[in-house]
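Undergrad: For reference, the structure I am asking about is given below.
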Amino acid sequence: MLQIVERERANSSSRACSTFQGGFAIGSDRLARSETEWLNVTVLRTPNLLLRPCSSADRDDFINLERDPEVMRFLNGGPVDHGAIDTRNVKFLMPRGEEPYVWTARRGASGEFVGWFCLYPVGRRIAEIGYRLRREDWGQGFATEGANALVEWGFGFAGYSKVVASTLAVNHGSRRVMEKIGMRHVRTSPADLDFIPGAEHGEVWYAIDRSNWVAVRS
Ligand SMILES: CC(C)(COP(=O)(O)OP(=O)(O)OC[C@H]1O[C@@H](n2cnc3c(N)ncnc32)[C@H](O)[C@@H]1OP(=O)(O)O)[C@@H](O)C(=O)NCCC(=O)NCCS
């Protein structure tokens, strides 16, 4: 059962979002600043995880995720070379702890870093969900648990009417998470990521409307 630990307005000004790339580009009709402020202080507790808005203290953990070739397999084709990468050209999110809409996931019991989730506004009342977890933590239902919590919060409290997600068609783990949280495949499009094996099968898009979400849960 999802528990919203904290939901209040932040005092600080809205944070810049300069590292969002590609599918995460900021839309002109993103949520108003006053809404982003309280979005950014929402802490969610699930049976195993605590999802807290990311902070600069998470920076090293985020960078280490990008060094794991398996974690980055369907995003970068392998580990990120931080000395050589041109962050203006990457199509995946590289959070550093300053970004709005990114939640750091830690084990509720120990506080150990697990990964991050994002629920990022991409249109009027539409949010895109994403996740990246440490390899050591795969296969324990954590991605499903965290994504479910964010979708529940997004529909139940944040006022979104649709949640979308995309991944390479060959990223079966990510697709299965989308399906398990009730999303449905809506289209496949060319991926334009030739350097990633399997990218020729395209990018798949999934979505769930608030009405479907309510129906599934009632
Ligand atoms: C994709 C990812 C988030 C899945 O995390 P996870 O915590 O292992 O997922 P869950 O344990 O919640 O598993 C959800 C379902 O996916 C399945 N699954 C997970 N990895 C899989 C894989 N590689 N191939 C096929 N199915 C897989 C699980 O078996 C489970 O389905 P089931 O209950 O029917 O058995 C994780 O592998 C990851 O962080 N990958 C690297 C980053 C990434 O690719 N992010 C998505 C980019 S769009």
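FYI, it's all coordinate maths here, none of it is from the lab. Owing to the predicted nature of the structure, the values given are computational and were not obtained by experimental measurement. Backbone-built Cβ (ideal geometry, glycine too); neighbour counts: all protein chains shown.
Undergrad: Under 5 Å between amide H atoms, partner at least 5 residues away or on a different chain: which partners does THR42 have, H built in plane at 1.01 Å?
TA: Result for THR42 returns nothing.
Undergrad: Between segment 79-94 and segment 98-173, how far is it from one alpha carbon centroid to the other, in angstrom?
TA: For segment 79-94 versus segment 98-173, the Cα centre distance is 21 Å.
Undergrad: Right, next: Please list the non-local residues whose amide H lies under 5 Å from the amide H of ARG134, H modeled 1.01 Å from N, same-chain partners needing a gap of 5 or more.
TA: GLY115
Undergrad: Additional query: Describe numerically, in nm with one decimal, the distance between label points set 7 Å from Cα along Cα→Cβ at LYS91 and at VAL216.
TA: Once both label points are built, they end up 2.5 nm from each other.
Undergrad: List the residues, sorted by chain then number, that are 5 or more residues from GLU128 or on another chain and whose placed amide H is less than 5 Å from its amide H.
TA: Counting only residues 5 or more places away or on other chains, the set is TYR120, VAL122, VAL164.
Undergrad: ³J(HN,Hα) across segment 203-218 via Karplus (A = 6.51, B = -1.76, C = 1.60, θ = phi - 60°), whole Hz, x for Gly/Pro?
TA: Whole-Hz 3J(HN,Hα) from phi for segment 203-218: 10, 9, 10, 10, 8, 9, 8, 4, 5, 5, 5, 5, 5, 4, 8, 8.
Undergrad: Can you list the HN-Hα couplings for segment 141-158, worked out from phi with the Karplus curve (6.51, -1.76, 1.60; θ = phi - 60°), rounded to whole Hz and with x for Gly and Pro?
TA: x, 5, 4, 4, 5, x, 5, 4, 4, 5, 5, 4, 5, x, 7, x, 10, 8
Undergrad: Could you give each residue of segment 189-195 its phi-based ³J(HN,Hα) in whole Hz, using Karplus coefficients 6.51, -1.76, 1.60 with θ = phi - 60°, and x for Gly or Pro?
TA: With coefficients 6.51, -1.76 and 1.60, one gets 10, x, 8, 6, 9, 4, 6 Hz.
Undergrad: Take each of the peptides 204-216, 77-89, 186-198, 107-119, average the number of other beta-carbon atoms within 10 Å over its residues, and list them starting from the highest.
TA: By packing density, highest mean first, the sequence is 107-119, 204-216, 186-198, 77-89.
Undergrad: Could you please rank TYR101, TYR160, placing first whichever residue has the fewest other Cβ atoms within 10 Å of its Cβ?
TA: TYR160, TYR101
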